[in-house]
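Chemist: Here it is: the structure, laid out below.
No value in this document is a laboratory result; all are computed from the given coordinates. Bear in mind the structure is a predicted one, so any value in this text is a computation, not a measurement. Glycine gets a Cβ as well: all are built from the backbone with ideal geometry, and neighbour counts include every protein chain shown.
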Number of protein chains: 2
Amino acid sequence: MMSRRPQVLAIDDTPVNLFALGAVMEKDVDLQVATSGAAGIKLALQATPDLILLDVMMPDMDGYETCRRIKADAQLAHVPVIFLTALAHIEAESTGLALGAADYITKPINVDIARLRILNLLEREGLRREVMAQRDELQQLITRLTQSSAKLEAARQRELGIGFDIQRSLLKGDVPEAIEGACFACSSQPSQGIDGDFYDIRCIDADCFDVLVGDVMGKGVQAALIGAAIKMAYHQAVADLLIDHLRLPTPAEILNRVNQMLTPRLITLASFATLALYRFHPSRGTLTFVNAGHTSGLLLRQGRVQAQPISGDNLPIGVLLSEVYTERCLAVASGDSLLVFSDGITEVLNAEGEEFGQERLAAQFEAVLDADDGTGEAKLERIRCAVQQFTDGALAPDDQTALIVALR
Amino acid sequence: MMSRRPQVLAIDDTPVNLFALGAVMEKDVDLQVATSGAAGIKLALQATPDLILLDVMMPDMDGYETCRRIKADAQLAHVPVIFLTALAHIEAESTGLALGAADYITKPINVDIARLRILNLLEREGLRREVMAQRDELQQLITRLTQSSAKLEAARQRELGIGFDIQRSLLKGDVPEAIEGACFACSSQPSQGIDGDFYDIRCIDADCFDVLVGDVMGKGVQAALIGAAIKMAYHQAVADLLIDHLRLPTPAEILNRVNQMLTPRLITLASFATLALYRFHPSRGTLTFVNAGHTSGLLLRQGRVQAQPISGDNLPIGVLLSEVYTERCLAVASGDSLLVFSDGITEVLNAEGEEFGQERLAAQFEAVLDADDGTGEAKLERIRCAVQQFTDGALAPDDQTALIVALR
């Protein structure tokens with residue numbers, strides 16, 4: 001426990017008394033002797049001892065006065081003082097006790113017992129120093145731990161921030177409010193974590209627009225980045241196909257190209273993404289779409305009360321390089337509405353472990369369209385509230401993205 | 001320091017000896033008395049005391065035997081034992097010392113000195129416990145700090161990983177090795193941190209290709225994400241312009257569209273990016289380009305020894321919404337080579353604080369093309385080594401991206 005040999009200072013005008021003790025303690029301590037109180041204090045101030053043995057009866061300055069001066073000195077006050085006193089005087093030692101004596105050793109000295117007392121006190125002082133040193137160390141560690149925790153929290157926040165940046169700037173763009181033939185509403189509630197929902201609306205001309213929705217398997221920033229790469233590949237594919245054919249590529253052509261571009265990399269990353277691409281031609285009254293493993297769209301036709309799930313049977317992007325994506329075409333008309341959504345909405349669970357499910361979502365969609373009040377955003381907000389109510393306000397484990405296309 | 005009152009057990013067949021001491025120490029300790037060694041050990045085992053006062057002379061089991069049994073018991077061995085002994089016997093106490101006595105108090109008891117010794121030892125034991133408790137606490141804190149540091153390191157690695165993922169999957173794509181009219185080589189050395197260098201090569205047809213290079217102001221994942229958003233906007237702009245005009249948009253049209261799409265957001269983010277877009281038509285012998293604040297390209301014509309810097313005077317993307325990007329057109333021919341690079345190469349400093357600079361880079365480019373050995377990658381590697389040599393192997397503060405286009 002003690003890193004160095006303890007220093008004991010004995011102050012005694014007849015040091016011969018101490019020779020036997022000095023010999024016995026040679027292995028334990030360094031013993032220094034002063035033959036007067038003044039000389040002892042001078043020595044102690046030069047190098048603070050760990051313990052002082054102090055003879056009571058000395059000429060000039062006696063032990064009491066010496067002790068008084070020691071205890072009055074800031075540098076020495078903490079040093080334990082053991083008084084050396086004649087056996088005959090021990091009963092009168094209230095003076096020494098009042099001065100803060102740590103113990104007594106009677107003369108003639110029983111060296112074994114004296115050694116025990118000296119070592120007891122030295123050990124106590126060593127432990128006291130160790131407690132102080134440990135306390136400093138604890139304080140430093142706590143400071144470092146606090147700093148480390150703060151840095152960790154900052155890193156977590158930064159990672160979350162990166163995720164939100166990716167979502168905001170790459171995965172989810174601005175949704176045009178309305179074009180000539182349709183109006184749009186979009187709601188995307190990020191989950192606690194980060195995941196890879198993405199969407200895009202491309203207005204091709206006054207009478208044609210594409211709606212892309214996608215969802216990357218898995219969570220976290222990696223899923224979000226894969227989503228961004230897929231969305232970038234989508235734009236690149238559209239541009240490349242336009243350059244190749246100098247005409248607008250079909251939804252199936254686009255998804256086939258995206259699958260060709262990304263599948264090798266997605267297989268390497270052990271990831272895949274579900275996608276659906278819907279192309280509306282309001283004046284022609286057509287909706288052409290490809291669904292690559294994504295949730296069904298819910299199409300509610302003008303005047304009907306029940307929404308119709310519209311789906312495809314293609315694999316997600318990133319599963320099979322040879323997958324051939326095919327499109328379906330439906331007739332649509334003014335007043336029809338399409339709801340597309342991520343499975344983060346239908347797969348939420350209530351307290352009983354039931355899924356919200358597509359049927360409940362369809363019922364909500366039918367109800368909010370039937371009510372026909374307010375904007376598309378207000379309708380989506382009502383659907384969102386219904387989902388919240390179902391889960392009793394539990395935090396959503398996945399992004400909840402929903403988009404309504406309403407044909408005018 | 002001690003959280004509870006110390007428990008002192010006195011074992012003495014004539015406890016009347018202890019009454020005065022008990023009275024004096026009432027405020028300091030809880031004193032329990034046993035009148036025989038056997039009873040004392042039984043009590044001690046029921047509730048381990050902090051200190052034992054043990055009379056030497058007792059009928060049946062004397063103090064020595066009692067002490068021997070205490071020291072032989074794992075539960076009690078650590079408890080300090082102070083022997084109570086008649087003054088007349090103190091000189092014969094080698095037995096007690098050998099048994100591990102902590103101290104002696106002579107009878108008749110001087111209560112003040114006895115109290116001092118008891119408190120000295122109790123304090124020592126309290127400090128010893130505190131040292132142990134603090135040691136545990138230190139160990140726990142060190143464990144937590146180690147875990148926290150590991151988590152922090154993991155978070156840092158994750159952030160770095162995210163940055164590299166963005167660079168690999170979004171900013172820097174595959175470079176086609178060669179097309180009919182040209183071959184390409186690309187080298188991109190990521191810096192210690194993450195930044196926003198990006199590039200793209202688009203083969204439009206057998207006789208036309210676009211080379212885009214860009215560099216986002218600032219560093220870190222945010223810069224990389226902005227780079228990704230710009231590259232995505234570039235692809236989207238090309239697709240949108242193709243849809244709008246049903247013909248290939250010019251480089252100036254593309255950059256004007258990208259600037260329109262991104263400037264409001266970049267101003268909000270207090271960021272901007274330099275871009276250069278080069279369009280080669282090898283058979284027509286033209287190079288059309290727009291430079292939005294990016295480093296000059298270095299064009300080395302067939303048969304010439306000096307590379308010509310080709311530059312523009314447009315602002316970076318994200319500075320001014322009304323900036324009009326204009327293109328320049330140069331004649332190029334088979335055998336001409338263009339080097340495009342990020343300022344991470346020209347702005348490296350040597351030990352004297354000098355920049356590598358465009359002139360040194362041009363000289364290197366001329367030298368490696370003149371040597372005319374090996375692939376484009378080998379040429380870029382030689383340039384990279386020259387830069388490394390210049391900085392004496394110091395780590396690059398910025399991404400170093402270089403791309404050679406060699407017309408066949």
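Chemist: Please report A:56, B:238 as a ranked list, fewest other C-beta atoms within 10 angstrom at the top and most at the bottom. If you can, show how the numbers build up before the last one.
Modeler: On the way: A:56 23, B:238 28.
Ranking A:56, B:238 by Cβ neighbours within 10 Å, fewest first, gives A:56, B:238.
Chemist: For the pair residue A:320/residue A:46, report the inter-label distance in nm, with labels modelled 7 Å from Cα in the Cβ direction.
Modeler: That separation, rounded to one decimal, is 9.5 nm.
Chemist: Which whole number of Å³ per residue matches the convex hull of the alpha-carbon atoms in the stretch A:172-407?
Modeler: Numbers: hull volume 27.3 nm³, N = 236.
Here the figure is 116 Å³ per residue.
Chemist: So, one more: Please compute the average number of Cβ atoms from other chains found within 10 Å of each residue's Cβ in peptide B:238-247.
Modeler: 6
Chemist: If you don't mind, there's one more thing I want to ask. At a temperature of 10 °C and a viscosity of 1.306 mPa s, determine how fast the protein assembly as shown diffuses translationally according to Stokes-Einstein, using the Kirkwood radius over alpha-carbon pairs as Rh; express D in µm²/s, rounded to the nearest whole number. List each step's numbers first, then the result.
Modeler: Values: Rh = 34.3 Å.
Approximately 46 µm²/s, per Stokes-Einstein.
Chemist: Also, I was wondering about something else. For chain B, what is the convex hull volume of its Cα atoms per residue in Å³?
Modeler: Values: hull volume 104.3 nm³, N = 408.
Dividing the Cα hull volume of chain B by its residues yields 256 Å³.
Chemist: From the helices alone, meaning DSSP H stretches of at least four residues, give me the mean residue ellipticity at 222 nm for chain A, per-run term -39500 (n - 2.57), in deg cm²/dmol to the nearest 500. If you can, show how the numbers build up before the last one.
Modeler: Details: 10 runs with 165 residues, N = 408.
Mean residue ellipticity at 222 nm (helix-derived): -13500 deg cm²/dmol.
Chemist: Tell me the trypsin sites (Lys or Arg not before Pro) within the stretch A:203-259 that lie in a loop according to DSSP and have at most 14 other beta-carbon atoms within 10 Å. Mind showing how you got there, number by number?
Modeler: Details: sites: A:219, A:231, A:247, A:257; in loops: A:247.
Hits after loop and neighbour filter: A:247.
Chemist: Next question. List B:64, A:234, B:325 from most exposed to least, where exposure is judged by having the fewest other Cβ atoms within 10 Å. Can you show the working numbers first?
Modeler: Working: B:64 19, A:234 29, B:325 23.
Ordered by Cβ neighbours within 10 Å, fewest first: B:64, B:325, A:234.
Chemist: Please determine, in degrees from 0 to 90 and to the nearest 10, the orientation of helix B:220-245 with respect to the longest principal axis defined by the Cα atoms of chain B, where the helix direction is its Cα long axis.
Modeler: It is inclined by approximately 30 degrees.
Chemist: Take the Cα radius of gyration of the stretch A:30-104 and divide it by 2.2 N^0.38 Å, with N its residue count; two decimals is plenty. Don't jump to the answer; show the numbers that get you there.
Modeler: Values: Rg = 11.5 Å, N = 75, 2.2 N^0.38 = 11.3 Å.
My calculation over the Cα atoms of the stretch A:30-104 gives 1.01.
Chemist: For a bin width of 5 Å, list the pair-distance distribution of the stretch B:89-239 built from all Cα-Cα distances, rounded to whole %.
Modeler: Calculated P(r), rounded to whole percents: 2, 7, 11, 10, 9, 7, 5, 4, 4, 4, 3, 4, 3, 4, 4, 4, 4, 4, 3, 2, 2, 1, 0, 0.
Chemist: Moving on to the next point. For chain A, find the longest principal axis of its Cα atoms and tell me its angle to the long axis of helix A:251-268, 0 to 90°, nearest 10.
Modeler: Compared with the principal axis, the helix lies near 30 degrees.
Chemist: Right, next: Report the relative contact order of the stretch B:331-408, percent, no decimals, based on alpha-carbon pairs under 8 angstrom and at least 6 residues apart.
Modeler: Working: 87 pairs, mean separation 41.8, N = 78.
Taking the mean separation of contacting Cα pairs over the length of the stretch B:331-408, I get 54 percent.
Chemist: Separate question: Could you tell me the relative contact order of the stretch B:275-408? Use alpha-carbon pairs under 8 Å, at least six residues apart, and round to a whole percent. Intermediate results must be reported in sequence, preceding the final value.
Modeler: Numbers: 229 pairs, mean separation 34.5, N = 134.
Reported as a whole number, the value is 26 percent.
Chemist: Please identify every one of the GluC sites (Glu not before Pro) in the stretch A:126-226 that sits in a loop by DSSP and has no more than 14 other beta carbons within 10 Å of its own beta carbon.
Modeler: On the way: sites: A:130, A:137, A:153, A:159, A:177, A:180; in loops: A:177, A:180.
The qualifying sites are A:177, A:180.
Chemist: Still on this model: For each of A:111, B:221, count neighbouring Cβ atoms within 10 Å of the residue's Cβ, then give the residues from fewest to most. Mind dumping the intermediate values first?
Modeler: On the way: A:111 17, B:221 24.
Placing the least packed residue first, the sequence is A:111, B:221.
Chemist: Just add up the charged neighbours of residue A:174: K/R +1, D/E -1, any other residue whose Cβ is under 11 Å from the Cβ of residue A:174. Numbers along the way, then the final one.
Modeler: Details: positive: A:168, A:172, B:265; negative: A:177, A:200.
Around residue A:174, the surrounding residues sum to +1.
Chemist: Follow-up question, since we're still on this one. With everything on Cα atoms, drop me the angle between helix B:111-166 and the longest principal axis of chain B, reported from 0 to 90° to the nearest 10.
Modeler: Once rounded, the angle reads 20 degrees.
Chemist: Taking a 18 Å limit on the Cα-Cα distance, which of the listed pairs A:231/B:172; A:151/B:151; A:172/B:172 fall beyond it? Write out the running numbers ahead of the final one.
Modeler: On the way: A:231/B:172 15 Å; A:151/B:151 10 Å; A:172/B:172 21 Å.
Pairs exceeding the cut-off: A:172/B:172.
Chemist: Right, here's the next one. Over the residues of the stretch B:293-408, compute the C-alpha Rg and express it relative to 2.2 N^0.38 Å.
Modeler: Computed over Cα atoms of the stretch B:293-408, the ratio equals 1.14.
Chemist: First select every other residue whose beta carbon is under 11 angstrom from the beta carbon of residue B:355; then total the charges, Lys and Arg +1, Asp and Glu -1.
Modeler: Details: positive: B:360; negative: B:343, B:347, B:352, B:354, B:359.
Taking every other residue near residue B:355 into account, the sum is -4.
Chemist: In nm, one decimal, shortest first: how far is the label point of residue A:14 (7 Å from Cα along Cα to beta carbon) from the matching points in the other copies?
Modeler: The answer, with the shortest distance listed first, is 3.4 nm.
Chemist: Percent relative contact order of chain B, based on C-alpha pairs within less than 8 angstrom and at least six residues apart?
Modeler: Working: 728 pairs, mean separation 51.5, N = 408.
Relative contact order comes out at 13 percent.
Chemist: Show which lysines lie in cross-link reach of residue B:27 when reach means a straight Cα distance below 26 angstrom and same-chain residues fewer than eight apart are skipped.
Modeler: Residue B:27 reaches A:71, B:42, B:107.
Chemist: Oh, and also: May I ask you to report, in nm to one decimal and beginning with the shortest, the distances from residue B:161 to the same position in the other copies, taking label points 7 Å along Cα-to-Cβ?
Modeler: Nearest to farthest, the other copies are at 2.1 nm.
Chemist: So how far, in whole Å, is the C-alpha centre of the stretch B:193-256 from the one of the stretch B:1-79?
Modeler: Between the Cα centres of the stretch B:193-256 and the stretch B:1-79 lies a distance of 88 Å.
Chemist: How many nm separate the modelled label positions at residue A:149 and residue A:333, each set 7 Å beyond the Cα in the direction of the Cβ?
Modeler: Inter-label distance under the simple model: 6.6 nm.
Chemist: Continuing with the same structure: If the label for residue B:135 sits 7 angstrom from Cα along the Cα-to-Cβ line, what are its distances to the same label in every other copy, in nm to one decimal, shortest first?
Modeler: 1.9
Chemist: Using only atoms on other chains, find how many Cβ atoms lie within 10 Å of each Cβ of peptide A:123-135 and report the average.
Modeler: Values: counts 4, 9, 2, 3, 9, 6, 1, 6, 8, 0, 2, 7, 4.
Partner-chain Cβ atoms within 10 Å, mean over residues of A:123-135: 5.
Chemist: At 7 Å along Cα-to-Cβ for each site, give me the label-to-label distance between residue B:377 and residue B:283 in nm.
Modeler: Once both label points are built, they end up 3.0 nm from each other.
Chemist: Let me ask something additional. Peptide B:95-107: average number of partner chain Cβ atoms within 10 Å per residue?
Modeler: Other-chain Cβ atoms within 10 Å of each residue's Cβ, averaged: 2.
Chemist: Here's something else I'd like to know. Treat the stretch A:7-133 as a sphere of radius equal to its Kirkwood radius over Cα pairs and apply Stokes-Einstein at 25 °C in a medium of 0.890 mPa s; give the translational diffusion coefficient in µm²/s, rounded to a whole number. Present the calculation step by step, with values, prior to reporting the outcome.
Modeler: Values: Rh = 14.4 Å.
Calculated translational D: 170 µm²/s.
Chemist: Additional query: For the stretch A:96-102, what does the Karplus curve 6.51 cos²θ - 1.76 cosθ + 1.60, with θ = phi - 60°, yield as ³J(HN,Hα) per residue in whole Hz, taken in order and with x for Gly and Pro?
Modeler: Working through the residues one at a time gives x, 4, 5, 7, x, 4, 8 Hz.
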